[in-house]
1. Kindly evaluate ILE80 against the criterion of being more than 26 Å from ALA35 (Cα to Cα) and either of a type in the set (A, V, I, L, M, F, W, C) or assigned by TED's automatic domain parsing to the domain that holds GLY32 (or both).
2. Quick check, is SER109 within 13 Å of the chain's Cα centre (by Cα) and of a type in the set (Ser, Thr, Tyr)?
3. Select from segment 84-113 the residues that are surrounded by 12 or more Cβ atoms within 10 Å (Cβ to Cβ) and not in a helix (DSSP H, G or I) and list them in ascending order.
4. Would you check which residues across segment 41-72 are assigned to a helix (DSSP H, G or I), surrounded by 11 or more Cβ atoms within 10 Å (Cβ to Cβ) and touching a helix residue (DSSP H, G or I) at 6+ places or on another chain (Cβ under 9 Å) and list them?
5. So in segment 1-40, with the set limited to residues that are more than 15 Å from the chain's Cα centre (by Cα) and charged (D, E, K, R), which one is surrounded by the fewest Cβ atoms within 10 Å (Cβ to Cβ)?
Amino acid sequence: MLVQGVSGDEGGLAYFGFSYYEQNQDKLNLVGVDAGDGCVKPSNETIQDGSYKPLSRPLFMYPSAEAMKKPEVKAFMDYIVENYDSIAEAAQIVPMSDEQATEAKSAVSGAAS
């Protein structure tokens, strides 16, 4: 396991999902990155707002307008935007912010029209 390897090495450095750090905070230290605006450490907030860059990235789903006309695709996208918090928790990823979720819900509603 990467966490075991890097935590046992005095100068060890590894890149992995933020959830691995959250689960192993007692063994690991965070390293901030500087994309030109000062050093930023990863957190739910800095990952959501995009300031922890270039090492974080958003995940997107792009159903076509044609696909959104299908009831099963619309139902799936509705499920995703209504349950993003529990999906993110189960997948051990940082969830959308409330603002991003509102925007996603609006986009899904508008795409089905």
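1. Values: more than 26 Å from ALA35 (Cα to Cα): yes; either of a type in the set (A, V, I, L, M, F, W, C) or assigned by TED's automatic domain parsing to the domain that holds GLY32 (or both): yes.
Taking the combined requirement at face value, the residue satisfies it.
2. On the way: within 13 Å of the chain's Cα centre (by Cα): no; of a type in the set (Ser, Thr, Tyr): yes.
Against the criterion (within 13 Å of the chain's Cα centre (by Cα) and of a type in the set (Ser, Thr, Tyr)), SER109 does not qualify.
3. GLN92, ILE93, VAL94, PRO95, MET96, SER97, ALA112
4. First pass over segment 41-72, keeping only residues assigned to a helix (DSSP H, G or I): 44-48, 65-68, 71-72.
Okay, now just the ones that are also surrounded by 11 or more Cβ atoms within 10 Å (Cβ to Cβ), so 44-48, 67-68.
Hits for segment 41-72 are ASN44, ILE47, GLN48, ALA67, MET68.
5. GLU10
The values are calculated or read from the model by the stated rules, or taken from the named source; none is laboratory data. In this text the structure is predicted, and so the values were computed from the model without any measurement. Reconstructed Cβ throughout: ideal geometry from the backbone, glycine too, with neighbour counts over all protein chains shown.
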